[in-house]
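This report refers to the structure that appears directly beneath it.
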Amino acid sequence: MRRQFIAGNWKMNLDRASAVALAKGLVKEAKNVDGVDMAVCPPSVYIDAVGKAIAGSKIGLGAQNMYHEPKGAFTGEISAGMLLDLGCKYVILGHSERRHVMGETDGEINQKVHVALEAGMTPIVCVGELLVERETGKTGEVIRHQFDGSLVGLSAEQMAKTVIAYEPVWAIGTGRVATPQQAEEVHLDLRKIIEDCYNKETARAVRIQYGGSVKPDNAADLLTQPNIDGALVGGASLKVDLFMGIIAGV
Ligand code: 13P
């Protein structure tokens with residue numbers, strides 16, 4: 001069966017001291033958690049310090065992005081090898097902020113997904129529609145297009161290892177969470193797409209997280225949906241009690 005996976009995307013928040021303090025606070029609480037995978041994805045400059053703070057704990061380390069080339073003249077970029085070197089197991093790819101603020105394309109995301117998998121990392125690949133797309137009935141089409149573009153060329157084995165995060169853009173940082181039914185509908189669609197492109201077994205294996213204004217008070221309703229296998233948490237991952245409150249909803 002799929003294990004629930006709750007990951008914190010710290011985005012461009014915190015400073016070194018508060019990032020380490022948050023990590024230490026989570027380590028303490030995580031001792032009592034069983035049967036759930038947990039991870040934090042700090043800003044890249046704090047990955048090393050946070051990695052040290054969570055070493056030996058139940059919390060996995062992730063990055064928020066990476067570049068697809070292994071090395072060279074790519075000023076400002078970070079490779080998969082560098083992230084592995086710091087102990088990263090996960091990397092978020094194609095987050096909506098990267099798609100819509102930085103203009104990342106499905107093709108670029110797909111290159112990164114392949115490199116991450118080849119490096120032995122688990123990519124958390126984000127998909128999600130804009131408000132106008134939902135309101136004009138285009139959600140299914142947008143999700144299918146992002147799935148096909150970002151995940152093309154993966155073997156069934158690679159697909160099974162990949163985590164997908166459904167993050168409706170209108171629910172990110174807005175406090176406007178998708179209803180459990182709205183989220184479940186898209187998660188089920190995604191699973192059908194995977195079955196269509198691969199097979200039943202692969203579709204059953206892939207973990208699909210929901211992201212967008214997840215808080216302790218709405219977590220349980222979302223996480224108990226049959227096709228929701230965890231959460232990718234932004235704002236509420238910056239506070240120990242809120243993040244642990246979400247994990248308690250599993
Ligand atoms: P919020 O939880 O702050 O809405 O952010 C969600 C998100 O973008 C996680 O990647």
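The values are calculated or read from the model by the stated rules, or taken from the named source; none is laboratory data. Keep in mind that this is a model prediction, so the values were computed, not measured. Reconstructed Cβ throughout: ideal geometry from the backbone, glycine too, with neighbour counts over all protein chains shown. Note: accessible area is taken over every heavy atom of the protein model, side chains too, but ligands, DNA and RNA are not part of it. Shrake-Rupley method; radii C 1.70, N 1.55, O 1.52, S 1.80 Å.
When each of 141, 184 is tested for being acidic (Asp, Glu), in contact (Cβ under 8 Å) with a residue 12 or more places away in the chain and either out of contact with any Ser or Thr (no Cβ under 8 Å at 6 or more places or on another chain) or more than 13 Å from the ligand (Cβ to nearest atom) (or both), the lone residue that passes is 184. Within segment 92-109, the residues that satisfy the criterion of being in contact (Cβ under 8 Å) with a residue 40 or more places away in the chain and either in contact with a Gly (Cβ under 8 Å, 6 or more places away or on another chain) or farther than 14 Å from residue 41 by Cβ (or both) are 92, 96, 100, 105, 106, 107, 108, 109. Each residue in segment 158-178 was checked for being open to solvent by 10 Å² or more (accessible area, probe 1.4 Å), of a type outside the set (D, E, K, R) and more than 11 Å from the ligand (Cβ to nearest atom), and 2 pass. For the residues 153, 149, the requirement of being on the phi > 0 side of the Ramachandran plot and either more than 14 Å from the ligand (Cβ to nearest atom) or touching a strand residue (DSSP E or B) at 6+ places or on another chain (Cβ under 6 Å) (or both) singles out 153.
Taking every residue in segment 165-178 that is closer than 11 Å to residue 232 by Cβ and β-branched (Val, Ile, Thr) and pairing it with any residue that is in a helix (DSSP H, G or I) and modelled with pLDDT of 95 or more, at least 6 positions away or on another chain, the pairs with Cβ-Cβ distances below 7 Å are 172/96. Which of (1) more than 16 Å from the ligand (Cβ to nearest atom); (2) closer than 17 Å to residue 100 by Cβ; (3) open to solvent by 40 Å² or more (accessible area, probe 1.4 Å) does residue 195 not meet, given it meets every other one? Residue 195 satisfies all of (1) more than 16 Å from the ligand (Cβ to nearest atom); (2) closer than 17 Å to residue 100 by Cβ; (3) open to solvent by 40 Å² or more (accessible area, probe 1.4 Å) except (2). In this structure, residue 131 qualifies as more than 23 Å from residue 243 (Cβ to Cβ), of a type in the set (A, V, I, L, M, F, W, C), touching a residue at least 24 places away in the same chain (Cβ under 8 Å) and surrounded by fewer than 17 Cβ atoms within 10 Å (Cβ to Cβ). Summed over segment 74-108, residues that are over 25 Å from residue 5 (Cα atoms) and open to solvent by less than 30 Å² (accessible area, probe 1.4 Å) total 1. The C-beta contact set for segment 57-83 (first residue at pLDDT 95 or above, second residue surrounded by fewer than 16 Cβ atoms within 10 Å (Cβ to Cβ) and of a type in the set (A, V, I, L, M, F, W, C), distance under 8 angstrom, 6+ apart or interchain) comprises 67/74. The residue of segment 212-241 that is nearest to the ligand (Cβ to nearest atom), among those that are surrounded by fewer than 18 Cβ atoms within 10 Å (Cβ to Cβ) and under 15 Å from residue 8 (Cα atoms), is 215.
I'd like to know if segment 109-128 contains one or more residues that are at pLDDT 95 or above, open to solvent by 70 Å² or more (accessible area, probe 1.4 Å) and part of a loop (DSSP other than H, G, I, E, B). So far as segment 109-128 goes, no, none of its residues is at pLDDT 95 or above, open to solvent by 70 Å² or more (accessible area, probe 1.4 Å) and part of a loop (DSSP other than H, G, I, E, B).
For segment 142-157, the set of residues classified as surrounded by fewer than 18 Cβ atoms within 10 Å (Cβ to Cβ) and not hydrophobic (A, V, I, L, M, F, W, C) consists of 144, 145, 148, 149, 153, 155, 157, listed by residue number.
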